[in-house]
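The values are calculated or read from the model by the stated rules, or taken from the named source; none is laboratory data. Here the structure is a predicted model, which is why all the values come from computation and not from measurement. Cβ sites come from the backbone with ideal geometry, for glycine too, and all protein chains shown count toward neighbours.
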Amino acid sequence: MLNFESIKFDYDPYPIGLARGALDPELYRELIDTFPDDQTFVLKEFNGVKYSLSLHNNKDGYFDHLRKNGAWGRFYDYIKSEDFIVETMAMLKAHNIDLGLANVSWQQRALKRFKALRKGSPQPHIPRLRSRFEFSSMPVTGGNIRPHTDHPSKVVTMVIPILREDEWKEEYGGGTSVVWPKDGTRSYNFVNGYMDFDEVACVRTYPFEPNQCLVFVKTYNSWHAVWPMTGNDPKVLRRTLTINIEAN
């Protein structure tokens, strides 16, 4: 369902790419029209101001929405499929981003462990990749996500704005910013500590625009943030779909 033919990557200080026209226009409109109701979201204020609907935040409401809306149900099945992970890893590798990871079936994992046992070797750690997505929204009246690098379990993150044409004003802000610590000794952040906005400098910002997909790789220095937005209408929300591929 996702189209990465147009994706272009920046590689410094870490790989981050932008694909425009990421979804079929008809599907994208249907996803916009059936985005979950605001009342089903859970407020998260620990490291910013945002609302979330996911496997971890109102799980029952999350799956109820998927059951009642065919387009989202199909999209969920696509994201959860092995093909999605395989295609994503192949796309990254084609752009010189080889993570050395592949989804391994339970049969292949068992065989590798059996061979190690026969040889008397230590049991190998074989990362298992899984994928999921989260509905999220933030009010333009100060909504933000503080600078961070993502949890160590995350491998790849994708952010898709759920946004109609001409719905968003540039002055709201809302773009995803690559940032860098002003104190260079804090650039290494694999464990995902958070910083305040005045502790980082903005390297570049990818504007919040319709039907695009921002793709970035988790690294020890994948610092990013969403600066506090500056709108004055609390009814206006920055709605996004956030997709993660994780390893454990």
Next on the checklist: I'd like to verify a number: residues in the range 72-100 that are of a type in the set (V, I, T) and loosely packed, with under 12 Cβ neighbours inside 10 Å, how many?
Outcome noted: 0
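Go through the residues of the range 49-59 one by one and say whether even a single one is in contact with a Pro (Cβ under 6 Å, 6 or more places away or on another chain), under 19 Å from R132 (Cα atoms) and touching a residue at least 24 places away in the same chain (Cβ under 8 Å). Please lay out each step first, then the result.
Taking the range 49-59 and keeping what is in contact with a Pro (Cβ under 6 Å, 6 or more places away or on another chain), we get 53.
With under 19 Å from R132 (Cα atoms) added as a condition, the list becomes 53.
After this cut, where a residue has to be touching a residue at least 24 places away in the same chain (Cβ under 8 Å) as well, the list is 53.
Yes, the conditions are met somewhere in the range 49-59.
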Next on the checklist: Criterion first (under 14 Å from L241 (Cα atoms) and in a helix (DSSP H, G or I)) does L92 satisfy it?
Outcome noted: no
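Which one of I32, I16 is at negative phi, at pLDDT 95 or above and within 17 Å of the chain's Cα centre (by Cα)? Please lay out each step first, then the result.
Working: I32 fails: within 17 Å of the chain's Cα centre (by Cα).
Checking each option against the conditions leaves just I16.
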Checklist outcome for this item: The lone condition K218 fails out of (1) in contact with a helix residue (DSSP H, G or I) (Cβ under 9 Å, 6 or more places away or on another chain); (2) under 13 Å from H148 (Cα atoms); (3) among the basic types (K, R) is (1)
